[in-house]
Amino acid sequence: MFANERGDIVIRHVVKIILIVVLVIFILSELGPIIWYRFTTMNEAEDIANAIAFEYRNSKDIQKALNTASQEMIIRNYSEEEIRNSIVQFLPEGNVPKEKLRLTIVKFANTLFTKHIKPLKRFARVTTTREVSLTEAIP
């Protein structure tokens, strides 16, 4: 009689542990891509900003620099929506010589919930801003 109760207790503990492990794996699979994109977009923003600044420094043409931005983001597999939401600013604004470039890139992490439930997509939005000097940009 006591042996049967001990077996039930062990089975309950094993089931609880399995459920906790499954829950932790699910949470990590949902939050993992968002955290990963936070780190990877930092380097990507720096590289893209340098490419844009280098193109502007060589051509002095803002439109060519913006085209470079689009091409760099396409190469890095950004979606059209991510490219549209990204912002390139040449500073200072106005008809004065440009000294800096500020780039804000937007990337959406693809998770199970954000892929299928559109209102949750805003939680998967990762933005990173980088500012580089136009004179110090490296290709």
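Computed from the coordinates by the stated procedures, all read-outs in this text should not be read as laboratory data. Every value quoted in this text rests on a predicted model; they were computed, and no experiment measured them. Glycine gets a Cβ as well: all are built from the backbone with ideal geometry, and neighbour counts include every protein chain shown.
Couple of notes before you dig in:
- Length-normalised contact order for the chain - Cα pairs under 8 Å, 6+ apart - percent: 29
- Rounded to the nearest 500, the 222 nm mean residue ellipticity of the chain from helices alone is -20500 deg cm²/dmol, with -39,500 (n - 2.57) taken per DSSP H run of at least 4 residues.
- Relative to the longest principal axis of the Cα atoms of the chain, the long axis of helix 62-75 makes an angle of roughly 30 degrees.
- Among Ile62, Ile48, Ile27, the residue with the largest mean-square fluctuation in a Gaussian network model of the chain, with springs joining Cα atoms closer than 10 Å, is Ile27.
- Each part reduced to its alpha carbon centroid, region 110-139 and region 11-59 end up 11 Å apart.
- Neighbour-count ranking [beta-carbon atoms within 10 angstrom, fewest first] of Arg122, Arg57: Arg122, Arg57
- Each distinct pair of alpha carbons in region 6-79 adds a 1/r term; the inverse of their mean, the Kirkwood radius, is 16.0 Å.
- Lysine pairs in region 37-133 whose alpha-carbon atoms fall under 22 angstrom of each other, counting only those eight or more residues apart or on distinct chains, come to 7.
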